[in-house]
1. Among the residues of the range 123-147, which ones are surrounded by 15 or more Cβ atoms within 10 Å (Cβ to Cβ), assigned to a helix (DSSP H, G or I) and touching a residue at least 40 places away in the same chain (Cβ under 8 Å)?
2. Would you tally the residues in the range 148-159 being in a helix (DSSP H, G or I) and surrounded by 13 or more Cβ atoms within 10 Å (Cβ to Cβ)?
3. Residue pairs, Cβ under 7 Å, 6 or more apart or interchain, first in the range 25-36 and free of Cβ contacts under 8 Å to residues at least 24 places away in the same chain, second in a helix (DSSP H, G or I) and not charged (D, E, K, R). List them.
4. Just checking, does the range 122-131 include any residue being over 21 Å from ILE46 (Cα atoms), among the hydrophobic types (A, V, I, L, M, F, W, C) and modelled with pLDDT under 90?
5. Being among the acidic types (Asp, Glu) and modelled with pLDDT under 90: is that true of GLU151 here?
6. Could you tell me whether the range 105-121 includes any residue that is of a type in the set (Val, Ile, Thr), exposed (fewer than 14 other Cβ atoms within 10 Å of the Cβ), modelled with pLDDT under 90 and assigned to a helix (DSSP H, G or I)?
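The values are calculated or read from the model by the stated rules, or taken from the named source; none is laboratory data. Please read all numbers here as calculations on a predicted model, not as lab measurements. Here the Cβ positions follow ideal geometry from the backbone for every residue, glycine too, while neighbour counts run over all protein chains shown.
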Amino acid sequence: MATAEADIDEKDLDRLIARIALRDRVAFARLYSLTCAKLFGISLRILRDRPEAEEALQEVYVRVWLRAGQYASSRARPMTWLISIARNHAIDLVRSRGLPRAGLDEAEAIADPAPDPEAQVASQSERRRIDACLGELEAERARAVRAAYVEGYSYEELATRFGVPLNTMRTWLRRSLLRLRECLER
């Protein structure tokens, strides 16, 4: 179905996404073959239903086709961008079912197949950089960012959880993300 994740080169993915923005079907097919196993695993882990995960994966690639022109390598690594699309879409599907939050947490707890050692080291390095940058934020802001972008809480849920107005929460998150981006670009 796809090549091993270790074979995926970020520069190749960047180039493929750029070509997809120009509606290059060959580049799209290549991107699919390189990334579909990982994105399907994420969808399946969250949705816990193979047919639904397969449909979700199709929608993810439709979104990639339509949004490729919006991708900017300066804002996110290509695989991170693709994973975000898949994860957000799957979470939206779970939420649309009306399942309680615990159902989503359970779905997210199921582990993906373990990445190879090289990918683990790269992931740990990236995680340390992100944690260090989160450490530069005020503790409450860092908790809000983690809850929003790791745990999947909505702005409304976070505003209630932190006892602040909705627009304040949006401002916190926007400013925190800007500071994180600046830190990660150093």
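1. Those that are surrounded by 15 or more Cβ atoms within 10 Å (Cβ to Cβ), assigned to a helix (DSSP H, G or I) and touching a residue at least 40 places away in the same chain (Cβ under 8 Å): ILE130, CYS133, LEU134.
2. So the count comes out to 6.
3. Correct list of pairs: ALA27/LEU16; ALA27/ILE20; ARG30/LEU16.
4. yes
5. Considered against the rule, which asks whether it is among the acidic types (Asp, Glu) and modelled with pLDDT under 90, GLU151 comes out as yes.
6. yes
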